[in-house]
Amino acid sequence: MNIAIFTDTYLPDINGVATSCNTLFNILRKHNHKVYVICPGEKFEFNDNILRIPGLELKNLYGYRLSFIWDEQGFQILKNLDLDLVHINTDFGVGQFGMSVATKLNIPIVFTYHTMYEDYTYYWLKGFLDRFSKWAIREFEKTTMNRASEIISPSIKTMNYLRSIGVEKYINIVPTGFDFSRFEKNEEHLKEVENLREELGYKKDDYIALCLGRIAHEKSYDIILKGFEKYLEKYGRKNTYLLVVGDGPDKEELENLANELNIQDYVKFIGKVNNEDVPKYYWISDVFLNSSISETQGLTFMEAMASSIPILCRFDNSLVGIIDNKKTGFFYIDEEDLPEKLEYVKNLGKEKLDAICLKAIASIDEFSEKNFYYKILEVYNRAIRKSW
């Protein structure tokens, strides 16, 4: 097949949608499909099957770029690629461009719903006309979904959301495939782990709790910081540290919060890191912490599980089926609950934690690249049959 993937974020961006689209791109190419990625960029360029069309930088939204809904130069390239279908991964900008391309070329549309945009109205309106803006987004999303030949949801949570806003078409639940191999720690990585811990100023017996991902309002990092402050007060300020990897619009605000809570000596913000270095930060850590309830699948949770470190995350329906409490990971409820749960995990003992990590790795096998590919292929074939 010849497939065009439309996405509003792609590598070198570090986030779930960029990772998901890159995984899809690589898996399809491994199976000898011709695949192209269409995404926003600083300027128009077409290299190595990646077509970047000009987009406006959204500084308040982690530097995302919003492209226009039509690009004539891009269309002239795409119409000569003999495309079989388009796979759209965003509602706005480049997603609408993909819709128009598919309509003009009379080819089917597969749409994956990644992002619950209702959680992002804060960035534009700061709470003003919030109810109206959320209603408008729901109506727009419903209209967009109903134009697709096939719809993909990465989790039951997002499927239920789409049903709640009035999407009546059949929804395929296809979790994003995952390349576990790059997160598997082995003897060769031990020196890298030691060097990175030293470079960051940690001692051998220091306990590191890792937060990794985009630092933004909807990720609720403030809950972790407040809970961590309570942890230090209750269990003592020694040998336990919080490492925050990533960047985003809330980074400075959270650094200020750490200062206000007087925990700045125990929290390290290191900003954005290269994608290829991400596994190292899991390997040097003792537990993965997360407080977001806006995830549609939770790829960072699976990265942590594949890296053989325990995960402690705030309970959310999107994690049902991924995390089994006290068997493959751990849940906490809020900042009041976090200290006790963190201390529980910290003192559980190596043998029990190793057993939990092994079960966690086994539990994510269904999210393997192989399973993902065959599920995606089935959806693609069904979409194409509908256009015969």
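Between Ile173, Ile151, which is at pLDDT 90 or above and either in the same structural domain as Ile293 (by TED's automatic domain parsing) or touching a Lys or Arg at 6+ places or on another chain (Cβ under 6 Å) (or both)?
Only one candidate passes the filter, namely Ile151.
I need every pair where a residue in the range 361-388 that is more than 15 Å from Val174 (Cβ to Cβ) has its Cβ under 6 Å from the Cβ of a residue that is of a type in the set (Phe, Trp, Tyr) and assigned to a helix (DSSP H, G or I), sequence separation at least 6 or different chains.
Every condition considered, no pair remains.
Per-residue answers, yes or no, for (1) aromatic (Phe, Trp, Tyr); (2) modelled with pLDDT of 95 or more; (3) touching a strand residue (DSSP E or B) at 6+ places or on another chain (Cβ under 7 Å):
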position: Glu260; (1), (2), (3): no, yes, no
position: Phe269; (1), (2), (3): yes, yes, yes
position: Phe288; (1), (2), (3): yes, yes, yes
position: Ile311; (1), (2), (3): no, yes, yes
position: Gly321; (1), (2), (3): no, no, no
position: Phe330; (1), (2), (3): yes, yes, yes
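Restricting to the range 234-262, name every residue that is of a type in the set (Asp, Glu) and touching a residue at least 12 places away in the same chain (Cβ under 8 Å).
Asp247, Asp250, Glu255
What is the one condition in (1) modelled with pLDDT of 85 or more; (2) surrounded by fewer than 19 Cβ atoms within 10 Å (Cβ to Cβ); (3) within 30 Å of Lys30 (Cα to Cα) that Lys185 does not satisfy?
Exception for Lys185: condition (1).
Kindly list the number of the only condition in (1) part of a strand (DSSP E or B); (2) out of contact with any Leu (no Cβ under 9 Å at 6 or more places or on another chain); (3) surrounded by fewer than 21 Cβ atoms within 10 Å (Cβ to Cβ) that fails for Ile53.
Every condition holds for Ile53 apart from (3).
Matching residues to (1) buried (at least 20 other Cβ atoms within 10 Å of the Cβ); (2) assigned to a loop (DSSP other than H, G, I, E, B); (3) touching a residue at least 40 places away in the same chain (Cβ under 8 Å); (4) touching a Ser or Thr at 6+ places or on another chain (Cβ under 6 Å):
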position	(1), (2), (3), (4)
Ser20	yes, no, yes, yes
Leu24	yes, no, yes, no
Glu57	no, no, no, no
Ile77	no, no, no, no
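Would you point out the residue of the range 217-257, among those that are over 23 Å from the mean Cα position of the chain (by Cα) and over 21 Å from Asp286 (Cα atoms), that is surrounded by the fewest Cβ atoms within 10 Å (Cβ to Cβ)?
Once the filter is applied, the top-ranked residue is Asn256.
Kindly indicate whether Ser294 is small (Gly, Ala, Ser), farther than 25 Å from Glu369 by Cβ and outside the structural domain of Cys21 (by TED's automatic domain parsing).
Yes.
Going by what's in this entry, would Phe6 be described as under 17 Å from Asp71 (Cα atoms), of a type in the set (A, V, I, L, M, F, W, C), at pLDDT 95 or above and surrounded by fewer than 16 Cβ atoms within 10 Å (Cβ to Cβ)?
So Phe6 fails the test.
Would you mind stating whether Gly298 is surrounded by fewer than 18 Cβ atoms within 10 Å (Cβ to Cβ), touching a strand residue (DSSP E or B) at 6+ places or on another chain (Cβ under 9 Å) and modelled with pLDDT under 95?
When the stated conditions are applied, Gly298 does not pass them.
Going residue by residue through the range 371-378, is there one that turns out to be within 23 Å of Pro279 (Cα to Cα), under 17 Å from the mean Cα position of the chain (by Cα) and outside the structural domain of Ile284 (by TED's automatic domain parsing)?
Within the range 371-378, one or more residues are within 23 Å of Pro279 (Cα to Cα), under 17 Å from the mean Cα position of the chain (by Cα) and outside the structural domain of Ile284 (by TED's automatic domain parsing).
Kindly provide the set of residues from the range 265-291 that are part of a loop (DSSP other than H, G, I, E, B) and farther than 17 Å from Ala216 by Cα, ordered by number.
Hits for the range 265-291 are Asn274, Ile284, Ser285, Asp286.
The values are calculated or read from the model by the stated rules, or taken from the named source; none is laboratory data. Because the structure is a prediction, the values reported are computed rather than measured. With ideal geometry, Cβ positions are generated from the backbone for all residues, glycine too; neighbour counts draw on all protein chains shown.
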